[in-house]
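Please read the structure below before turning to the comments.
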Amino acid sequence: MKQAREPFQFVSTFYLIRVGLDSAHTLRELAKQLSSVSQDSIFCHTFHSLATHHYTSYSSDFAQWAMAACNESELAEQLGAIDVRQFVELNDLRSALIHAIDNHVRANPSSGDRPAFEPFFFAETREVVLPADARASNLGELAQGIRHI
């Protein structure tokens, strides 16, 4: 069996969530903060949320907050309908989120500055990768390693 020049290293990956200092108390503040928070934060509240909270009503933390904390079901539906898988760039997703909130506030002016029941705290996802004990230098070892994952 052919051997690899360098062995394949199996790894374990987990995500740490770091809650930051940025928060929003109204929809208008949420849109404003969305324009400046890190891409890690956008990822955390959309892609990571989709993967870890698939059992909630909405796949986005922003949609969940719009419903639970702001009682804005129409906006929650619009934010929840944004398919994050269609975005290659996080800044494009950021723009879509801001656009949905801005349109909702324009159509419902009183919703923009109404205080939420609880603030939205922006967080970031940090990926931690640790090497596992297993390595593979050929296809047989790779198959064996995959079976043990």
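The values are calculated or read from the model by the stated rules, or taken from the named source; none is laboratory data. Remember, predicted model here, so these are calculated numbers, not experimental data. All Cβ positions, glycine included, derive from the backbone under ideal geometry; neighbour counts span all protein chains shown. The protein model used for the area step is the full one, side chains on, heavy atoms only, and it has no ligands, DNA or RNA in it. Shrake-Rupley method; radii C 1.70, N 1.55, O 1.52, S 1.80 Å.
Just in the stretch 81-149: which chymotrypsin sites (Phe, Trp or Tyr not before Pro) are loop by DSSP and have at most 15 other Cβ atoms within 10 Å? Within the stretch 81-149, the qualifying chymotrypsin sites (Phe, Trp or Tyr not before Pro) (loop, at most 15 other Cβ atoms within 10 Å) are 117.
Straightening the chain between residue 21 and residue 8 buys 0.7 nm, computed as 0.36 nm per residue apart minus the Cα-Cα spacing.
Taking the protein heavy atoms of the stretch 17-135 in the context of the full set of protein chains, the accessible area attributed to carbon and sulfur is 52 percent at 1.4 Å.
Using the Cβ-Cβ distance between residue 128 and residue 85 with R0 set to 25 Å, the FRET efficiency works out to roughly 0.55. Accessible area of residue 23 (1.4 Å probe, protein heavy atoms only, ligands and nucleic acids ignored): about 30 Å².
Secondary-structure-derived ellipticity at 222 nm for the chain, considering helices only, amounts to -11000 deg cm²/dmol, per-run term -39500 (n - 2.57) for DSSP H runs with n ≥ 4. Accessible area per residue for the chain, computed on protein heavy atoms with a 1.4 Å probe, is 63 Å².
Principal axis extents of the C-alpha atoms in the chain (largest first, rounded to whole Å): 69, 28, 26. In a simple Cβ point-charge model (Lys, Arg +1; Asp, Glu -1; nothing else charged), the stretch 1-144 has a dipole of about 300 debye relative to its Cα centre. Among 113, 133, the order of accessible area from largest down is 133, 113, computed with a 1.4 Å probe on protein heavy atoms.
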